[in-house]
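The values are calculated or read from the model by the stated rules, or taken from the named source; none is laboratory data. Everything quoted here is computed from the prediction, not taken from an experiment. A quick note on method: Cβ atoms are made from the backbone with ideal geometry, for glycine too, and the neighbour counts reach across all protein chains shown.
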Amino acid sequence: MADEDARMDILRLDDEVQNVVIYPRYIYTPLPALNSIRIPRLLAETGDSPIEFYLQNTSLDDGIAYEALSYAWGDPNIRSLIYSYGTRLLVTTNLRDALLYMRFTD
């Protein structure tokens, strides 16, 4: 199980074309100001597509409406991959499942 998890951490098999797609690991960059937050914008679902999103930096002073979820919610040893800007990010499976529920369909 650990070997399979390690492989899934760096690879995703694209069944349609039978190619291995390599995604670099997400690299954290500091926020521009103390009152800044990152809001993930989920991309719409297309079939069985994985969770994909982009991050929008915004100031808390802007008053943008958002719903908050903890990225540390759930068992930290049970993780799943999500994707942003062509990079991979490991999150708890509970968070991944919540994002699956929240995203729009195409």
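What to note about this one:
- Per-region count, the range 20-62, residues without any contact (Cβ under 8 Å) to a residue 24 or more places away in the chain, in a loop (DSSP other than H, G, I, E, B) and under 16 Å from the mean Cα position of the chain (by Cα): 4
- Taken over the range 78-103, the criterion of being within 20 Å of Gln56 (Cβ to Cβ), touching a residue at least 24 places away in the same chain (Cβ under 8 Å) and either outside any helix (DSSP H, G or I) or in contact with a His (Cβ under 6 Å, 6 or more places away or on another chain) (or both) is satisfied by Ile82, Tyr83, Ser84, Tyr85, Gly86, Thr87, Arg88, Leu89, Arg103.
- Close pairs from the range 63-77: first in a loop (DSSP other than H, G, I, E, B) and modelled with pLDDT under 85, partner surrounded by 10 or more Cβ atoms within 10 Å (Cβ to Cβ) and among the polar types (S, T, N, Q), Cβ under 8 Å, at least 6 apart: Tyr71/Thr92; Ala72/Thr92; Trp73/Thr92; Trp73/Asn94; Gly74/Thr92; Gly74/Thr93; Gly74/Asn94
- Only residues that are β-branched (Val, Ile, Thr) and in contact with a Phe, Trp or Tyr (Cβ under 6 Å, 6 or more places away or on another chain) were counted across the range 66-90, and they come to 1.
- Only one of Glu16, Glu45, Glu4 that is at pLDDT below 85 and touching a Lys or Arg at 6+ places or on another chain (Cβ under 6 Å): Glu45
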